[in-house]
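Visitor: Got a structure here, written out as structure tokens. Questions coming.
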Amino acid sequence: MNVIDARPDLVRVAEVAERLQQFHTGARRFDRDDVGVERADGLDDVIEFSVTHMCVDLDIVGGGEEEATLRAQVAQLHMEPFITFHGARPQSEVKRFIQGASAIAIPSIIGQDGNREGLPTVLLEAMALGTPCVATDVTGIPEILHHEQTGLMVGQRDALELADALRRLIVDGDLRVRLAHAARRAVEERFEINRNTAQMRALFTAAMREPAFALEAV
């Protein structure tokens with residue numbers, strides 16, 4: 001993240017926004033035993049989880065340069081009946097996968113080159129759809145996913161911790177319901193596009209009216 005020299009009292013944060021009317025929780029089912037995964041990072045840890053929970057179906061949505069390696073790992077472990085690679089899918093299908101899952105794993109990691117994502121869009125979409133989330137403590141994720149409140153947080157590259165978090169969601173229906181409802185409320189409060197647009201409009205209006213908000217030449 002690039003940091004500019006600015007007066008703290010003039011800094012305002014504009015949150016990412018979603019059109020939540022496109023993400024209905026609908027008639028959620030919390031009695032299913034399947035896990036959705038949309039991220040490629042950290043998937044080897046999720047596959048390790050499936051080895052010890054063979055009654056759970058794992059849907060992997062999306063592709064990437066690690067796909068061939070992951071497919072080979074699944075074949076070596078003889079896990080093909082339980083793990084399905086769906087490749088890149090349209091957003092409408094991705095939403096159906098997320099909404100139909102008991103839980104979604106988003107095991108983001110910081111790459112060896114320092115590459116990382118900010119706040120994964122799929123995390124906000126899953127929370128808006130009412131799907132309980134397990135994610136890692138990377139960059140912007142802790143801003144919206146609070147451990148034991150709006151989801152479950154695990155460390156990077158910790159297969160055992162990730163497996164335990166997913167197991168908890170699979171076996172504890174009350175926990176899934178509680179986290180899902182709290183996550184949806186959190187997204188509505190912070191990332192709803194109409195509310196956030198109104199806030200930005202108010203900031204720009206104030207900037208035009210108040211000299212104190214005028215930009216200074218550097």
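Visitor: Across segment 62-104, which residue is surrounded by the most Cβ atoms within 10 Å (Cβ to Cβ) among those that are assigned to a loop (DSSP other than H, G, I, E, B) and aliphatic (A, V, I, L, M)?
Guide: First, the residues of segment 62-104 that are assigned to a loop (DSSP other than H, G, I, E, B): 63-66, 77-82, 88-90, 101-102.
Filter once more, keeping what is aliphatic (A, V, I, L, M): 77, 79, 88, 101.
Values: Leu77: 14, Met79: 15, Ala88: 10, Ala101: 26.
For segment 62-104, the residue satisfying everything is Ala101.
Visitor: Somewhere in segment 190-213, is a residue part of a helix (DSSP H, G or I), at pLDDT 85 or above and either within 21 Å of the chain's Cα centre (by Cα) or over 21 Å from Leu123 (Cβ atoms) (or both)? Talk me through it step by step, then tell me what you get.
Guide: Here is the first cut: in segment 190-213, the ones part of a helix (DSSP H, G or I) are 190-191, 193-209, 211-213.
Checking which are at pLDDT 85 or above leaves us with 190.
From what is left, the residues that are either within 21 Å of the chain's Cα centre (by Cα) or over 21 Å from Leu123 (Cβ atoms) (or both) are 190.
Within segment 190-213, one or more residues are part of a helix (DSSP H, G or I), at pLDDT 85 or above and either within 21 Å of the chain's Cα centre (by Cα) or over 21 Å from Leu123 (Cβ atoms) (or both).
Visitor: Does Ile83 satisfy being at pLDDT 65 or above, closer than 29 Å to Ala186 by Cβ and in contact with a helix residue (DSSP H, G or I) (Cβ under 7 Å, 6 or more places away or on another chain)? So that I can check it myself, show each step before the final result.
Guide: Working: at pLDDT 65 or above: yes; closer than 29 Å to Ala186 by Cβ: no; in contact with a helix residue (DSSP H, G or I) (Cβ under 7 Å, 6 or more places away or on another chain): yes.
Taking the combined requirement at face value, the residue does not satisfy it.
Visitor: Now for a separate question. Report yes if some residue within segment 105-114 is among the hydrophobic types (A, V, I, L, M, F, W, C) and assigned to a helix (DSSP H, G or I); otherwise report no. Full working, then the answer.
Guide: Here is the first cut: in segment 105-114, the residues among the hydrophobic types (A, V, I, L, M, F, W, C) are 105-106, 109-110.
From what is left, the residues that are assigned to a helix (DSSP H, G or I) are none.
No: segment 105-114 contains no residue that is among the hydrophobic types (A, V, I, L, M, F, W, C) and assigned to a helix (DSSP H, G or I).
Visitor: Within the set of pairs 6 or more residues apart or between chains, which connect a residue that is modelled with pLDDT of 80 or more inside segment 100-121 to a residue that is polar (S, T, N, Q) with Cβ atoms less than 6 Å apart?
Guide: What qualifies is Ala101/Thr131; Ile104/Thr131; Pro107/Thr136; Ser108/Thr136; Ile109/Gln156.
Visitor: While we're looking at this one, here's another question. Give Ala126, Ala186, Ala180 a once-over and let me know the one that is over 19 Å from Asp59 (Cβ atoms), outside any loop (DSSP other than H, G, I, E, B) and in contact (Cβ under 8 Å) with a residue 12 or more places away in the chain. Spell out how you get there, then give the answer.
Guide: Details: Ala126 fails: over 19 Å from Asp59 (Cβ atoms); Ala180 fails: over 19 Å from Asp59 (Cβ atoms).
The conditions single out Ala186.
Visitor: Something else: Being surrounded by 14 or more Cβ atoms within 10 Å (Cβ to Cβ) and in contact with a strand residue (DSSP E or B) (Cβ under 8 Å, 6 or more places away or on another chain) is true for just one of Leu119, Leu129, Leu175, Leu162. Which residue is that? Give the derivation first.
Guide: On the way: Leu119 fails: in contact with a strand residue (DSSP E or B) (Cβ under 8 Å, 6 or more places away or on another chain); Leu129 fails: in contact with a strand residue (DSSP E or B) (Cβ under 8 Å, 6 or more places away or on another chain); Leu175 fails: in contact with a strand residue (DSSP E or B) (Cβ under 8 Å, 6 or more places away or on another chain).
Criteria check complete, one pass: Leu162.
Visitor: Could I ask something else about it? Counting only residues that are in a loop (DSSP other than H, G, I, E, B) and under 19 Å from Asn115 (Cβ atoms), which one in segment 136-161 is farthest from the chain's Cα centre (by Cα)?
Guide: Restricting attention to segment 136-161, the residues satisfying the condition of being in a loop (DSSP other than H, G, I, E, B) are 137-140, 144-146, 148-150, 155-158.
Cutting the leftovers down to under 19 Å from Asn115 (Cβ atoms) gives us 137-140, 155-157.
Numbers: Asp137: 11, Val138: 11, Thr139: 12, Gly140: 10, Gly155: 14, Gln156: 14, Arg157: 16 Å.
Out of the qualifying residues, it is Arg157.
The values are calculated or read from the model by the stated rules, or taken from the named source; none is laboratory data. Just so it is clear, the model here is predicted, and its values are computed rather than measured. As a convention, Cβ positions derive from the backbone with ideal geometry for all residues, glycine included, and neighbour counts pool all protein chains shown.
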